Amino acid sequence: MLLIGTVSVSWYLAVGAVLFVLGAVCMATKRNLLGVLMGVELVLNGANMNFIAFGSKVLRPEGSLGLDGQLIALFVIVLAAAEAAVALAIALNFYNNHNTVDVDRANELNG
Amino acid sequence: MDLIAVAWPYWHQFFFIIFAATAVGFGFGVLLSKNVVRMAFYLVLSLGSTAGLFFLAGAEFVGAMQLMIYVGGTLVLLIFGVMLTAQKDFINMDTHTQDWILATIVGGSLLMVLLFAAFGADDWSTPQDINDAQVEATKEATPLGLALTGIRVDKLGDSGDAVDDGKSGYLMPFIIVSIHLLVVLIGAAYMARTKKLSHATDDKSSRAKLMLFKMEHESEQLEEETYVVTHRGKSALNPLDPQNEN
Amino acid sequence: MNNLHILLGVAVLLPLSAFFINLFLGHMLRRNGQSKIAANISLAAIAGAALLSFVSLFVWLTADNDGKSNREQLGILKSANAEHLDHLEAHASGGHGEHGAHDTHEEDDANRSEHEDSEESSGEHDQQEASVTKLNSEVFTALVEEEHAPENAETHSERHDDHVHEAGHDHAHDSETHAAAGHSHGPSFKASHGEYYTLGTFGDLTLSIGYYIDSLTIAMFCMVTFIATLIHWYASKYMDDELPESKRDHHVDPEHHRFLGNFYHKWLTGASDDAGDDHHDDHAHAGHGDEDVSEEDYQFVDHEVIMPDGSHCHRQGRYPRFFQALSLFCFSMLGLVLAGNIAMTFVFWELVGICSFFLIGFYVERKSASTAANKAFIANRVGDFGMIIGLMIFWTGFGTFNYDELFSQMGEAGTHTEVVASYGHTHPGVETSIPSGFATEFYADEIHTYAKENGISDDEALNQINAARAEEDKSPLGYWLMIVGGLGIFCGCVGKSAQFPLHIWLPDAMEGPTPVSALVHSATMVAAGVFLVGRFFPMLVPEALFVIAIIGTITLFIGATIAIVATDIKKVLAYSTISQLGYMIMALGVGGWVAGLMHLFTHAFFKSLLFMGSGSVIHAVHTNEMTEMGGLRKKIPITAWTMFIACLAIAGAGIPFVIGTSGYYSKDAILEQAFSWGDHNGWAFGGPFFWIALGSAAITAFYMFRMWFMTFVGKPRDEERFSHAHEYPRMVHPLLILSIMAIGVAWTNPLSPGTELGYMLEAARPEAVAGQTLAGLGSDIQVPDEHLSHMSRVKFPVTLLATLSGIIGITLAFLMYATPPSKYLKASEVKEQFSGIHSFLRNKWWFDELYDFLFVKPSKVIGAFVSAIDKNIFDTILHFSARATKRVANVWTKVADGFVIDGFVDWLGRSVYRVGTSLRRIQTGNLRQYVLFIVIGAVAIFVFVSFMWDPAAANTK
């Protein structure tokens, strides 16, 4: 079906959804702090996919967001970079303090 | 591009499947791999495939940025992180099975919902005719840059209040984001700066843990005690309590 | 004249300021070690007041009165009185001789008075004729005639005997010019009155702080402040043992351990009790020096108070408090004298009472003192109750509290006024009516009804009603209210001046410190009652005065008789005071206004002297019992001889018609007036006053000299006390000063005639009653003009009799107590012979027992009865309701409080606790879990928005 029919926005959305869920599950299962960060990157990419898909005039000339979608995707990328920088700094701090990157060891917020 | 399109009408579907498969497949790789370095590598591939999908969707500039920032910047950063926090023999930290199950259930349900939404709207799922000329005509770097400075070249012909007032540009978010980036980088540099704590960290962390443990324990005890005391106090001091009649 | 009220006002306020200084700063001053500063402050204040009083006396004397100074006017008054007296004497000797000389006048008057003649007038006159005073009645008739004939010839009603009538008219014409001088046979002295501050006006009633100053006020001020100054001086030494520190007494001979603090006293008593253990005790106490230091604040040892553990009462000295109370007392007394209205008088009256309470109860730890204070206060309250009634009656009748308005009302249409023909009164002399206010206030409805029925005006109706009443019982409408009101006022005086039914408090008041007895209970406070009777004199109708005279006579006799047998030196003086107060009251009751008030002054001097002397004696020998004294004149000579002078003064000693002690003048004046009263009202009826007074004068002389002989003459009865006795300079100085006053206070001033005490008072004689013989409207009682008592036919026999009685009394006392026991009369034998009377007198006429039986016992029975009702009925009800309430409350507690409210609150608390603890578990701190939660939340929102939320439905709203 896919090979025959034209690719629609929904397919991109589906890929984005899968990436999003993979990222979320990754965050939920990885004990390594860096793994969690990678999960975050996946989630952001999954989200970005949606913006791109909605902003694409190739896929959907009528009613597309146009440049807005791409602009927001750009912002997301930039913010993701910032987030990555900070998250890595946190990770380093965490490692310095706990001598590990296992997030399960960081349960000080346990009520 | 022209060549391919002319040569093969299904090039779009074909590349979409390839990119989608690699993106999702390496995504799974990231999820399932237990080695951080491998996870980073899989992530690079997954993000790269995503960039390919961006290209396919006509967002060349964004795709290029994706490659540059993510693959060239963020992931390098991540790998630096991996190396800096590297532990003995790259210890694998196994996840409990129940966590996996739980995460799968929750993630699966989220996926179900998202897919439902993705395919639920007819407007989205119905493919539109793709005009090759249109695709060809899109050169987006300049409009994007102008949009960031507040000028919407792409909407020059449109009418609407927002456009007339010149409010539809992204100058303000752009400035905010740039300042944000600056602050974040300074903060990151500050947080990640080297501290001379090679030996003290162990003691400190263990001491902090001990303290936390004690506090936690004591507070529990304290709560129980106060509860008991208040109940006893009530019965001993209340003159109207029938138990205190005699 | 204008600044008098300022001068005297400041004099009043000075002691008050001393009171406040001592009250608020007393403790501070004591801490500084200035132990006597309290006394000095009070002394300075009262001395300042005295100074101001004498300055105001000077101001008054030099003040202008009708073109001349008051001093000159007093001289004129004196000569006018002397002239008037000569005039009266001339009548007394020549009245009969001119009988029938003026027929025309006789006819005129007969015509005019025909219709007013009645039967009782002749009967009444028979009685008068039968008396020895026929001559005198002519004289006073003449007096009345000469005063009123010129102005009131038409309205004057005469119903007296023809010859009397004639004689009167004879002289009325002879001395027209003289009569123009006015009622008081000389210049008039106007009282200065006004207000310092108006507190408020309530309808007709104005309450103000006012003043009423005449020569009586100024004389009282001088007397009170002078004596009070001396007593402050005296007390500053006498109250030494109350001093907070005993340091200044360390130099005193240790034998006088009474004056030391308990620090020395402890081992001194121990040493004297068992001399053998002297050293032992000494060391024992030396070893407890630290204790003594800690007890330094509790210096005063009250030997008359036994604590439950058998020791004496140790307490802080109350030296400042004593002077504080004394200053407050002086303020109250001076304020009472200065007061310009009845309300203010009453306030100060009560203040005086409460000060007396404080001072009597000064040794509050002694039961006797506290009960005495209570007794005094309660007795005073009983009197004050009557006083309030009197005040209300007068206020209702006159509509004012101010003295000047009251007195002017009395003068114009008042009680003692000129003849009111419509009442048809038969008595010679000035007739009595009542202020119309009394009738119109109390009988307005009756008068109005009568007026309506007869179609006449209210005034006419009142006159007619009064005339009709005069036919039946002689008293016009509302007259009895005047009697009751006057007696009500007198009730207060009975309480304060310790008159007969309420005299019982005064002897007990001797429980207070001796300076208090000297100042408060002999010279000033008890004099307040007499002063008030004197002030209210214009308001007192003859019937009220008659009751006053009776009360006074009873009191003077009771007091004198009890004083005979008293052995406590202060009790003798206390009963003597009662007796002398009785004299004053009686004198006022029989119309001797100047006599009574003059005795008030002279008595104040010699009685305070006596009390201070007795204080000196007590201080010297540490006992009140005269049976333990004797021969003390060798040890304390100044005290002895000053007291001797005082005894002479109180006995009224003097060389007849030449010169005498102060008591000679005042007491003789009283006796003369009593004689004169008996003269007017018939000896059968009026005689007892004079004879009892005369007999009591003898008794007075007897008991005073009995006291003096027992104390100062003979062999010492208690050698130890005798040997320790000595005097203190600071305590004898006032005695010397007062002894001079006791002799000479009533003497004539040769430099400026008229400025002596007698004429100072004469100048203050109430205008409305000056120089008039008063007659009652409801009875035949007459109150003779006081000038009549100075006639030689009265003065000569009375003076001789009085002197004789004094000599008898003194001689008897000398024979019984001053001579060796076996020689003449043995006191013990007399005592045995009259053992019944003796015990009767010893027990003070059984008054305390009588009151105990009449009032206390019934009160207790009623109290017990009421308490039984209380216990058996009310308590039962109360207990029942209390138990019932308790039970209900218990049930309620269990059900409502324990189950519902507590249950709910507890449940709430537990629930919150449980929710909290359960929620706590969610907060694992696990990052991955949080991610899951986020995802779950996202899913939930998605599901909700996709399947449950209907945007269309939301929009339609």
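Here, each number is a calculation from the coordinates, and none is a lab measurement. Predicted, not measured: the structure shown is a model, and the values here were computed from it. As a convention, Cβ positions derive from the backbone with ideal geometry for all residues, glycine included, and neighbour counts pool all protein chains shown.
Observations on the structure shown:
- The modelled label-to-label distance between B:Ile175 and C:Glu720, using points 7 Å beyond Cα along the C-beta direction, is 11.4 nm.
- Approximating the spin labels as points 7 Å out from Cα along Cα→Cβ, the C:Tyr197-to-C:Val347 distance works out to 0.8 nm.
- Linear extension gain, C:Phe657 paired with C:Val895, 0.36 nm per residue minus alpha-carbon span: 75.7 nm
- Rounded if a/c under 1.5, otherwise prolate or oblate - region C:525-682, Cα gyration tensor axes: prolate
- A Cβ-based charge dipole, computed about the Cα centre of region A:31-103 with Lys and Arg at +1 and Asp and Glu at -1, lands at about 100 debye.
- Shape index of region C:658-767: Rg/Rh, with Rg the Cα radius of gyration and Rh the Kirkwood radius from the inverse mean 1/r over Cα pairs, equals 1.11.
- Model label zone, C:His838; criterion: amide N under 17 Å from point 7 Å along Cα-to-beta-carbon; scope region C:543-570: C:561-568
- Sites matching chymotrypsin sites (Phe, Trp or Tyr not before Pro) across region B:10-102 that sit in DSSP coil, with at most 16 neighbouring C-beta atoms within 10 Å: B:Tyr10
- In nm, spacing of pseudo-spin labels at C:Asp902 and C:Phe58 (7 Å Cα→C-beta vector): 8.6 nm
- 10 Å Cβ neighbours from other chains, averaged over peptide B:14-21: 3
- Taken residue by residue and averaged, Cβ atoms of other chains lying within 10 Å of the Cβ of B:61-71 number 4.
- Rounded to the nearest 0.05, the FRET efficiency derived from the C-beta distance between C:Lys452 and C:Leu25 at R0 = 56 Å is 0.25.
- Counted residue by residue at 0.36 nm each, then reduced by the alpha carbon distance between them, the extension gain from C:Val856 to C:Thr924 reaches 15.7 nm.
- Neighbour net charge for B:Leu78 - beta-carbon separation under 15 angstrom, K R +1, D E -1: 0
- Backbone amide hydrogens, once placed in the peptide plane, bring C:Ile213 within less than 5 Å of C:Ser192, C:His193, excluding anything fewer than 5 places away on its chain.
- Taking each of C:Lys570/C:Lys844; C:Lys570/C:Lys667; C:Lys36/C:Lys237; C:Lys607/C:Lys667; A:Lys30/B:Lys34; C:Lys715/C:Lys844 in turn, the alpha-carbon distance tops 18 angstrom for C:Lys570/C:Lys667; C:Lys715/C:Lys844.
- Net charge, C:Trp641 excluded, C-beta distance under 14 Å - Lys, Arg +1, Asp, Glu -1: +2
- Region A:31-103, relative contact order [Cα under 8 Å, separation at least 6], %: 40 percent
- Projected onto its three principal axes, the C-alpha set of region A:31-103 covers 54, 19, 11 Å, listed from the longest axis down.
- Counting only other chain Cβ atoms within 10 Å of each residue's Cβ, the peptide B:47-54 averages 5.
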